[in-house]
Structures are given as C-alpha cells and as structure tokens.
Amino acid sequence: MKKGLTAEDFENTVTNKELLSLIESKSELYNKVSKTLSYTEELRLLQIELVKLQRWISKENKRVAVIFEGRDAAGKGGNIRRFMEHLNPRSSRLVALNKPTEVEKGQWYFQRYIKELPNPGEIAFFDRSWYNRAVVEPVMGFCTEEQYKEFLVQVPEFEHMMYEDGLIIIKFWLSISKDEQLRRFEERKENPLKRWKFSPVDKQGQNLWDKYTHYKAEMFSKTHTSYSPWMMVKTNDKKVARLEAIRHVISQFDYDGKKDAKTAITPDPNVVMRFYRSNNNID
C-alpha cells in the first residue's frame with residue numbers, strides 16, 4: 001500500500017516534475033494531479049499567445065467580438081474568465097447585459113448591442129448576446145412569435161453589415177449534455193460561492209431541454225453563414241473546452257510572434273467544430 005504524502009515530502013520538492021514523481025510513488029491521486037498540472041501549463045502558454053494576439057489587435061486597430069452562447073451551466077463565464085485573465089483591460093471588455101429596460105424594449109432589438117460592439121484595437125467578449133432572442137427568449141416566452149421570426153430574418157443581414165465593415169465576429173456554442181448540466185446545477189445549489197449563478201431560468205433548463213434543442217437547431221439553420229459561422233465546443237470536460245476555445249481564436253489570426261508559440265495553437269476538431277460537422281451532438 002502506498003504511503004501518504006507528508007509536509008516534509010513537499011518541502012523537499014522543487015520542480016513540478018519532482019512533485020509528480022513523488023505523488024506517483026506515494027499517492028493514488030497521481031492522474032488527477034498530473035492532469036491539473038498539465039492543464040495549468042497549457043493554459044499559461046495559450047494565455048501568452050492571447051496577450052500577443054491582443055497586442056497585435058491593438059496595433060492593427062482590429063475590432064474583434066467573441067460571442068459565447070449555450071445552455072445554462074455550459075461554461076460561458078468560466079471560458080471568458082480564462083480568455084481575459086491576463087489581457088490588458090484597456091483594450092478588452094466583457095459584455096454581459098441585464099434584461100432590457102422599458103425604454104430598450106421599445107427600441108430596435110439590436111440597438112443596445114450595437115453600443116457594446118468593440119472599438120478599433122479592442123476585443124469584446126459577449127457572455128450571451130443578441131442571440132438571446134434565438135433561443136432563451138422564445139423558450140421562456142420573453143418575446144412574441146413575430147419578434148422571433150423578425151430576428152431570424154434580420155440577424156444574417158446585421159452580421160453581414162458588420163462583416164463588410166471589417167468587424168471580426170467569432171461565435172461559440174458551448175455544448176453540454178443533459179446529465180452534465182444537471183450535475184452542475186446541483187453543484188451550484190450546494191456551493192455557497194456558486195449559488196448566485198442558479199437563477200429561475202436555470203430551474204427550467206432540464207424541464208425545457210427538448211424545447212431548447214428545437215430552437216437551437218433553428219438558430220443554426222438560419223444564422224450559420226460563411227461570413228459568420230457557428231463553432232460548437234463540447235464542454236462536458238470544461239478544462240479541455242477552455243483550452244480548445246482559446247486555440248480556435250488564436251488560430252484565426254496571423255499575429256506577430258505566432259510562429260514562436262510554445263504549444264499547439266490548432267484546436268482539436270473533435271472538440272471544436274462547425275455545427276454541421278457534428279453528427280452526434282451531445283446537447
């Protein structure tokens with residue numbers, strides 16, 4: 001039987017390699033610790049590339065919007081945090097809008113989102129976006145059938161105008177299985193640090209699963225275009241999803257210093273793919 005680790009064991013290790021060797025010899029947790037250390041190092045190397053990319057975006061006055069959509073608990077916030085963790089806040093921004101005010105309800109639907117689009121040299125991360133009207137709003141009854149249909153007609157034209165004006169849009173759909181969503185919901189309810197994430201809308205996520213699936217499929221069929229494609233990210237393994245999402249964004253740009261990257265910068269096509277390539281959707 002392997003002996004447990006002691007404080008002295010930790011004091012005598014200097015490098016991660018020594019620590020892993022020690023854990024392997026004395027603990028049953030080797031695989032878990034090894035995976036965590038590998039993830040941490042990969043994330044660090046990819047975040048270095050993000051910093052280089054941001055510097056290039058600023059220098060070239062590019063405008064980049066990265067949209068994160070998906071079912072509740074799919075990992076939108078966690079992904080965005082890893083993207084933004086080491087970026088310069090002067091030229092990166094999180095967009096997470098509250099429900100519209102009475103004034104905003106009377107405006108053109110896209111109006112409040114236009115104000116949040118990135119400026120030259122800036123990258124904006126959308127934790128949900130105008131695509132609320134494609135899935136969440138019709139599922140929950142927050143919009144009329146007429147508003148929903150009007151949105152589906154207008155959004156490709158809206159995105160094409162932005163594309164023609166040079167705005168770069170990357171659209172992620174974070175895909176999660178029903179069982180994994182339930183597990184994460186239960187974790188949120190039990191963890192006092194995550195309980196704030198559990199909303200009344202979340203409570204309906206499992207009961208309305210099939211309805212979400214229907215509207216998600218409609219959204220893909222109407223809004224996946226050559227100039228603004230949907231990228232699906234399998235997120236049951238949230239750490240893998242974070243790494244591969246970052247790799248996808250990095251892969252879309254020919255920024256300064258890209259060839260000097262110390263890790264793979266091409267995403268795994270089994271994790272990140274255009275929606276029509278996935279024959280076995282988990283959500």
Fill in: Selected residue (only one of 240, 249, 233 is crowded, with 20+ Cβ neighbours inside 10 Å and not in a strand (DSSP E or B))
249
Practice prompt. Please enumerate the residues belonging to the stretch 230-253 that are in contact with a Ser or Thr (Cβ under 8 Å, 6 or more places away or on another chain) and aliphatic (A, V, I, L, M).
Written response: 232, 233, 241
Worksheet item: How many of the residues in the stretch 186-203 are of a type in the set (Phe, Trp, Tyr) and closer than 20 Å to residue 135 by Cβ?
Response: 1
Worksheet item: So which pairs qualify, if the first residue must be in the stretch 16-36 and among the polar types (S, T, N, Q), the second must be assigned to a helix (DSSP H, G or I) and modelled with pLDDT of 70 or more, the Cβ gap must be under 6 Å, and the two must be at least 6 apart or on different chains?
Response: 16/37; 34/20
Discussion item. List the residue pairs whose Cβ atoms are under 9 Å apart, where the first residue sits in the stretch 259-283 and is at pLDDT below 95, the second is part of a loop (DSSP other than H, G, I, E, B) and among the hydrophobic types (A, V, I, L, M, F, W, C), and the two are 6 or more positions apart or on different chains.
Written reply: 282/176; 283/74; 283/176
Discussion item. When you check residue 37 against the structure, is it open to solvent by less than 40 Å² (accessible area, probe 1.4 Å) and farther than 21 Å from residue 184 by Cα, yes or no?
Written reply: no
Response to the item:
Checked against (1) open to solvent by less than 50 Å² (accessible area, probe 1.4 Å); (2) under 30 Å from residue 124 (Cβ atoms); (3) of a type in the set (Gly, Ala, Ser); (4) over 20 Å from the mean Cα position of the chain (by Cα), residue 65 satisfies every condition except (4)
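One line per residue, one yes/no per condition, for (1) surrounded by fewer than 16 Cβ atoms within 10 Å (Cβ to Cβ); (2) within 29 Å of the chain's Cα centre (by Cα); (3) at negative phi; (4) modelled with pLDDT under 95:
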site	(1), (2), (3), (4)
17	yes, no, yes, yes
22	no, no, yes, yes
28	yes, no, yes, yes
31	yes, yes, yes, yes
41	yes, yes, yes, no
46	no, yes, yes, no
55	no, yes, yes, no
69	no, yes, yes, no
Worksheet item: Within the stretch 81-129, restricting attention to residues that are among the β-branched types (Val, Ile, Thr) and in a strand (DSSP E or B), which residue is surrounded by the fewest Cβ atoms within 10 Å (Cβ to Cβ)?
Response: 95
Item to complete: Identify all residues within the stretch 267-281 that are open to solvent by 50 Å² or more (accessible area, probe 1.4 Å), under 21 Å from residue 75 (Cβ atoms) and assigned to a loop (DSSP other than H, G, I, E, B); write none if there are none.
Response: 268, 269, 270, 280, 281
Item to complete: Any residue in the stretch 244-257 that's hydroxyl-bearing (Ser, Thr, Tyr): show its pairings with residues that are open to solvent by 20 Å² or more (accessible area, probe 1.4 Å) and part of a helix (DSSP H, G or I) at Cβ separation under 7 Å, as long as the two are six or more apart or on different chains.
Response: 255/52; 255/56
Practice prompt. Starting from the stretch 174-201, take each residue that is surrounded by 11 or more Cβ atoms within 10 Å (Cβ to Cβ) and list its partners that are part of a strand (DSSP E or B), counting only C-beta distances under 6 angstrom and pairs at least six apart or across chains.
Written response: 174/70; 174/233; 175/232; 175/234
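The values are calculated or read from the model by the stated rules, or taken from the named source; none is laboratory data. Bear in mind the structure is a predicted one, so any value in this text is a computation, not a measurement. Please note: Cβ atoms are built from the backbone with ideal geometry, for glycine as well, and neighbour counts cover all protein chains shown. We work out accessible area using only protein heavy atoms, side chains counted, and drop any ligands, DNA or RNA first. Shrake-Rupley method; radii C 1.70, N 1.55, O 1.52, S 1.80 Å.
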